[in-house]
Amino acid sequence: KRYTGGVAALRSWEQVHVPELASFLGWGSDAVDLAGTWKISYDAPFEAASAAPDLDDSKWPTLVAPGHQIIVHLPRKPAVFRRQIDIDPTWRSAHPRVWLYLWDLNDTRPNPSRPSDVRVFVNGKPIVESPVRREEGHWAMLEVTQALKDGKNAITLMLPQGCLVYRTYLSGSPPKEYPNLGPQRNAQWADFSD
């Protein structure tokens, strides 16, 4: 009952499924999945010029991310990822506030030999990460409401190790973390994390 909200929802252990991690942070059927073909450059500088919406990246190689296993074989060095996405005006009007959830899993601990910050731009506008998470497996929740528009949008990610490993998506669900997920989701999180 604690896990599903219903007394008879689970009749055997085979019916118990581990929730997907992202489902605790805005991921669901209404999220806009950013998995797909990205342009990638190891030579583009980690600065705003690489995020300009009109930058000609047509000669950059492409990579399907996140979700393609080739990422584990690529060099662990700074890379700029760029992608154009279309935002449906109906979806946009249904979500007055929008967050970009980024599970890149780069090592963002300070390192003098490479940039340590993950930088995000939407339509050339820098999106500030607050709070900045300094950890080995970086992830972020960034509000993009003001930068996002109906129709075409340019998303640029500057990743210190060139990793885009887990989910990346837009969601109208505001960030919440345990223990503020509500009784049922708190119970699921406690079971999931243990």
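The values are calculated or read from the model by the stated rules, or taken from the named source; none is laboratory data. Remember, predicted model here, so these are calculated numbers, not experimental data. In this analysis, Cβ positions are derived from the backbone assuming ideal geometry, glycine residues included, and neighbour counts consider all displayed protein chains. What goes into the accessible areas is simple: the full protein's heavy atoms, side chains included, and nothing from ligands, DNA or RNA. Shrake-Rupley method; radii C 1.70, N 1.55, O 1.52, S 1.80 Å.
For the reader, a short list of remarks on this structure follows.
- Options VAL120, VAL132, VAL144; residue that is under 17 Å from the mean Cα position of the chain (by Cα) and open to solvent by 60 Å² or more (accessible area, probe 1.4 Å): VAL132
- The strands (runs of 3 or more DSSP E) found wholly in the range 10-108 and carrying at least 2 residues that are modelled with pLDDT of 95 or more and buried (at least 18 other Cβ atoms within 10 Å of the Cβ) occupy 36-41, 79-87, 99-102.
- Considering only residues in the range 139-176 that are touching a strand residue (DSSP E or B) at 6+ places or on another chain (Cβ under 9 Å) and among the charged types (D, E, K, R), the one that is farthest from VAL7 (Cα to Cα) turns out to be LYS152.
- Candidate set: the range 160-194, residues that are outside any loop (DSSP other than H, G, I, E, B) and under 12 Å from the mean Cα position of the chain (by Cα); chosen: the one surrounded by the most Cβ atoms within 10 Å (Cβ to Cβ): THR168
- If the condition is being assigned to a loop (DSSP other than H, G, I, E, B) and in contact (Cβ under 8 Å) with a residue 12 or more places away in the chain, then the range 112-129 contributes ARG114, PRO115, SER116, ASP117, VAL118, ASN123, GLY124, VAL128, GLU129.
- GLN188 being under 27 Å from ALA48 (Cβ atoms) and either out of contact with any Ser or Thr (no Cβ under 8 Å at 6 or more places or on another chain) or small (Gly, Ala, Ser) (or both): no
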